[in-house]
Amino acid sequence: MDITEVTAELLAFGEPTHFEPAFARIRNELFARLAEHGFRSIALETDRVAALDGGFSHGFGEVPANRRLLDWLREYNETAGEPLTFHGFDAPTEMFSAPSPRRYLEHARDHLGLDVDIAALTGDDERWSRSEAILDPAASPGASPEARELRVIADDLVAALYAAAPGLDAAWWRAKVHAVAGRGLLRYHAASAQPGDRDTRIARLAGVRAVLMAENLLDIRAIEARRGPTLVFAHNGHLQRSGSGAGAIVGALLGDRYTFVAGSLGHSEAIGLGEPAPDTYEGRLQRETETWKLAGLPHGRKRTDTKPERGYFGLDADVLDGAAAVWHIA
């Protein structure tokens, strides 16, 4: 199967773990090939605001292939008739922390030239960003009267930006991305302030993050619609069409304009993953793969030698449900 046979407006390639470097390396090769066939943008699982300046969140800036991707994009765009664009589609949240919405809302406020004292409402940024604000509902500022007032302000900022859209330019888009990120952070902090046991709260926050990611992907697609398709790269769990992640949301809304290709891994020294059993999904793919390949959906069973502590989750029925293909790295 050739990569050009699997296309869509949003072509999503997943990976089963962030800790096997081959996925990011091959992703770069794939995007270079897709650029020859009309793709004009790539969106990664990193903070959308940070990506505006070629930055990364969640430690992804330490991945050599990510830095090489940005270098290649700069070099390509020096002579390109139509440039390629780099996007992040994640929220500016970490696993157990989320920043203050202050600087995001202030960026939009300053662009609009409004006189709104946002800092007086947010207070010390540290009270938002400390891990207790996410882990302990009682320590979260997300349900405070100030937070509720900030959510109104955030909505007003987004509305004011749309009212100013006739004069939109690059600065307008940056302001909109900041305003939406600030509003999303307020939603995330509000969810963290709701009571519940640990599993319930983690699932709730994961659901909010999935919605924010989906909103970002849809917005990126709207921006890029007239230029060409977009390659999306993230963990399978975010991109798969089943469940309640961003891929399930976007897939339901876009239909066949969204295509998911599941990432599959045979073995990996990087995460201490051995050879898969022959009758597993990965085992059947492994027999016919020297380095990597794009293949149809395999038959088999879920492997049991998983490494969830390294963020590795093997192929299973949920991941494969709705996938158009699998890219397997031996």
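Please treat every number below as a calculation from the coordinates, not as lab data. Note that the coordinates shown come from a computational prediction; the quantities given were computed from them, not determined experimentally. With ideal geometry, Cβ positions are generated from the backbone for all residues, glycine too; neighbour counts draw on all protein chains shown.
Backbone geometry of the range 211-216 corresponds, through the Karplus equation with coefficients 6.51, -1.76 and 1.60 at θ = phi - 60°, to 3J(HN,Hα) couplings of 5, 4, 5, 5, 4, 5 Hz, x marking Gly and Pro.
Under a 5 Å amide H cut-off, with hydrogens placed 1.01 Å from N, residue 325 pairs with 262 among residues at least 5 apart or on other chains. Between the range 97-120 and the range 238-288, the alpha-carbon centres lie 39 Å apart. Taking Lys and Arg as +1 and Asp and Glu as -1, the other residues whose beta-carbon sits under 15 Å from that of residue 127 total -3.
For the range 55-63, putting each phi into the Karplus relation 6.51 cos²θ - 1.76 cosθ + 1.60 with θ = phi - 60° gives couplings of x, 9, 10, 6, x, 6, x, 7, 7 Hz, in residue order, rounded to whole numbers and with x for Gly and Pro. Per-residue extension of 0.36 nm, minus the Cα-Cα distance of residue 9 and residue 277, leaves a gain of 92.9 nm for this segment. Projected label points at residue 110 and residue 287, each 7 Å from Cα along the beta carbon direction, are separated by 6.1 nanometres.
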